[in-house]
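The values are calculated or read from the model by the stated rules, or taken from the named source; none is laboratory data. Please read all numbers here as calculations on a predicted model, not as lab measurements. Reconstructed Cβ throughout: ideal geometry from the backbone, glycine too, with neighbour counts over all protein chains shown. Heads up: the accessible areas ignore ligands, DNA and RNA and are worked out on the full protein's heavy atoms, side chains in. Shrake-Rupley method; radii C 1.70, N 1.55, O 1.52, S 1.80 Å.
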Amino acid sequence: MADTYDLIVLGSGPGGYVAAIRAAQLGLKTAIVEREKLGGICLNWGCIPTKALLRTSEINHYLTHASDYGLTAEMVGFDLAKIVDRSRKVAGQLNAGVKGLMKKNKIVVVEGEGTLAGKGRLKVTKEGQDTELAAKHIIVATGARARDLPFAKADGERIWTYRHAMVPKEMPTKLLVIGSGAIGVEFASFYSDMGCDVTIVEMLDRILPVEDEEVSAFVHKQFTKQGMKIHVSSGVESLEAGKSGVKAAIKGKDGKSETQEFSHAIVAIGIVPNSEDIGLEALGVKTERGHIATDGYGRTNVEGIYAIGDVTGPPWLAHKASHEGVVCVEAIAGKNPHPFETWNIPGCTYSRPQVASVGLTEAKAKEAGHEVKVGKFPFIGNGKAIALGEAEGFVKTVFDAKTGELLGAHMVGAEVTELIQGYAVARQLETTEAELMHTIFPHPTLSEMMHESVLDAYGRALHY
């Protein structure tokens, strides 16, 4: 006899576990199925442990530049094993926190590999033993995994995915990073700040290609200034791992190929949804390039089957998955939530400098037919930024010239990943330039640049 629930969630990442908690809050008898660790990739192998590593490299940067602040730091060094251990302990602490949340909300955790076994049924396999669960509603939240190069699969020794790059056995001396999205750029920044010689190869014509062009150009300039080598409009034609390193044939924008040697390579060329071998095909669940097709409430084309998070497609962000989970569960419970939309999801990259954005870039706004007003304010015009010794960066805002609607905001510099939420709230409230201009920002703070950027769009900037 199958264990019966109101809702079963397959996968316990930031989409899955949040969906389970919200379901429990709404009185649904809920089970969550996980084959590895509660919290999924984000908590255990992504968002959180990488930020622990980046904090270490940030401190290392400050230590090696202590004289800039009137301080003396001698014999600066590091213990790689301890750096990795701290990162893993941070992940472990949060994993334990999710376990506590499951217990607090009386959610049944079922360990094992989950497979849809028919309408309303899920088979869970662990150590050769099968358990059958039943529920009227099943949410698939199985996430995604790193995409391999077709001609050079990651071996964990010389060719790494993000997962290997988080637990290095040795510090690379000369590192090749293939791909310059958020993951590639964050690892490039971490290893560079730890003293590694870093080269980035990007197939498109600029790094961080989804960001505003001015932001991409600024980061490119800063990374080059830090000593990184960057090849855009370029590709890796071959990658050969040996005992002491890797050989890479890099084809440049001029069409010429050059072979270079590196100690290690990180492949950061995107992700693959975990949608195979979970029973979707037998039930006729529609997928598009491997991603499960859903509506604004997480519903698939098969009644009773839902999907949220990375397995449903971009943007592949933890906070997107969490919000999708809440919307999906509230719809299941008959609470009539607003359908999920992607128009106001902030994106953050935790490199040095940090990058954050929400809404349309200037180019996308113009493509959409908007006549725009653009404001821009540099960190060098902000007293707090100068006092922090972080005077490199800018804040850019894009408005509709006719209505004053805030179409997008783009930031690069210190702590912008914490600042961007102000603009996300403003967009959610459908704020115009008038409300933003009349908002009082505290002094001295980095947030004052947000105000000044708005003012600048209308020719009213006060401090630059």
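Quick notes on this one:
- Considering the conditions (1) modelled with pLDDT under 95; (2) open to solvent by 10 Å² or more (accessible area, probe 1.4 Å), ALA152 is excluded by exactly one of them, (2).
- Qualifying residues in the stretch 242-272 (those that are within 23 Å of the chain's Cα centre (by Cα) and either part of a loop (DSSP other than H, G, I, E, B) or without any contact (Cβ under 8 Å) to a residue 24 or more places away in the chain (or both)) - the one farthest from ILE200 (Cα to Cα): GLY270
- TYR350 passes every criterion in (1) under 30 Å from PRO49 (Cβ atoms); (2) open to solvent by less than 20 Å² (accessible area, probe 1.4 Å); (3) hydroxyl-bearing (Ser, Thr, Tyr) apart from (2).
- Qualifying residue in the stretch 180-191 (condition: more than 17 Å from the chain's Cα centre (by Cα) and closer than 27 Å to GLN226 by Cβ): yes
Yes/no per residue for (1) under 16 Å from TRP160 (Cβ atoms); (2) in contact with a strand residue (DSSP E or B) (Cβ under 7 Å, 6 or more places away or on another chain); (3) not charged (D, E, K, R):
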position: LYS174; (1), (2), (3): yes, yes, no
position: ILE178; (1), (2), (3): yes, yes, yes
position: VAL185; (1), (2), (3): yes, yes, yes
position: ALA188; (1), (2), (3): yes, yes, yes
position: SER192; (1), (2), (3): yes, yes, yes
position: PHE218; (1), (2), (3): no, yes, yes
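- Scan of the stretch 435-464 for residues that are exposed (fewer than 14 other Cβ atoms within 10 Å of the Cβ) and either free of Cβ contacts under 8 Å to residues at least 12 places away in the same chain or among the acidic types (Asp, Glu) (or both), ordered by number: HIS438, ILE440, PRO442, GLY459, LEU462
- Filtered by the rule that a residue be under 22 Å from GLU324 (Cβ atoms) and either open to solvent by 80 Å² or more (accessible area, probe 1.4 Å) or modelled with pLDDT of 95 or more (or both), the stretch 134-146 gives ALA135, LYS136, HIS137, ILE138, ILE139, VAL140, ALA141, THR142, GLY143, ALA144, ARG145.
- Hits in the stretch 362-400 (condition: in a loop (DSSP other than H, G, I, E, B) and open to solvent by 40 Å² or more (accessible area, probe 1.4 Å)): ALA368, GLY369, HIS370, GLU371, GLY389, GLU390, GLU392
- Boolean, GLU58 is open to solvent by 30 Å² or more (accessible area, probe 1.4 Å), in a helix (DSSP H, G or I) and of a type in the set (Asp, Glu): yes
- Criterion: in contact with a strand residue (DSSP E or B) (Cβ under 8 Å, 6 or more places away or on another chain) and assigned to a strand (DSSP E or B) - qualifying residue of LEU239, LEU208: LEU239
- In the stretch 319-345, the residues that are open to solvent by less than 40 Å² (accessible area, probe 1.4 Å), under 20 Å from LEU360 (Cα atoms) and not in a helix (DSSP H, G or I): PHE340, ASN344, ILE345
- Number of the exception - SER275 against (1) hydroxyl-bearing (Ser, Thr, Tyr); (2) open to solvent by 40 Å² or more (accessible area, probe 1.4 Å); (3) part of a loop (DSSP other than H, G, I, E, B); (4) under 26 Å from GLY46 (Cα atoms): (2)
- Members of the stretch 278-315 that are touching a His at 6+ places or on another chain (Cβ under 9 Å), open to solvent by 10 Å² or more (accessible area, probe 1.4 Å) and in a strand (DSSP E or B): TYR306
Residue-wise test of (1) open to solvent by 60 Å² or more (accessible area, probe 1.4 Å); (2) more than 23 Å from the chain's Cα centre (by Cα); (3) modelled with pLDDT of 95 or more.
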{"site": "PRO14", "(1), (2), (3)": "no, no, yes"}
{"site": "GLN25", "(1), (2), (3)": "yes, yes, yes"}
{"site": "GLU36", "(1), (2), (3)": "yes, no, no"}
{"site": "TRP45", "(1), (2), (3)": "no, no, no"}
{"site": "GLU74", "(1), (2), (3)": "yes, yes, no"}
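- The stretch 97-128, subset among the small types (Gly, Ala, Ser) and either open to solvent by 60 Å² or more (accessible area, probe 1.4 Å) or assigned to a strand (DSSP E or B) (or both), residue nearest to LEU26 (Cα to Cα): GLY114
- Hey, THR432 closer than 18 Å to ASP456 by Cα, open to solvent by 20 Å² or more (accessible area, probe 1.4 Å), at pLDDT 95 or above and out of contact with any Pro (no Cβ under 8 Å at 6 or more places or on another chain) or not: yes
- Single residue of TYR464, TYR423 found to be at pLDDT below 95 and within 18 Å of PHE379 (Cα to Cα): TYR464
- Candidate set: the stretch 165-186, residues that are touching a Phe, Trp or Tyr at 6+ places or on another chain (Cβ under 7 Å) and not basic (Lys, Arg); chosen: the one farthest from ALA152 (Cα to Cα): GLU186
- Figure legend. Inter-residue proximity from the stretch 221-235: first residues part of a strand (DSSP E or B), second residues exposed (fewer than 14 other Cβ atoms within 10 Å of the Cβ), beta-carbon distance below 8 Å, spacing 6+ or different chains. Indicated pairs: ILE230/THR224; HIS231/LYS253.
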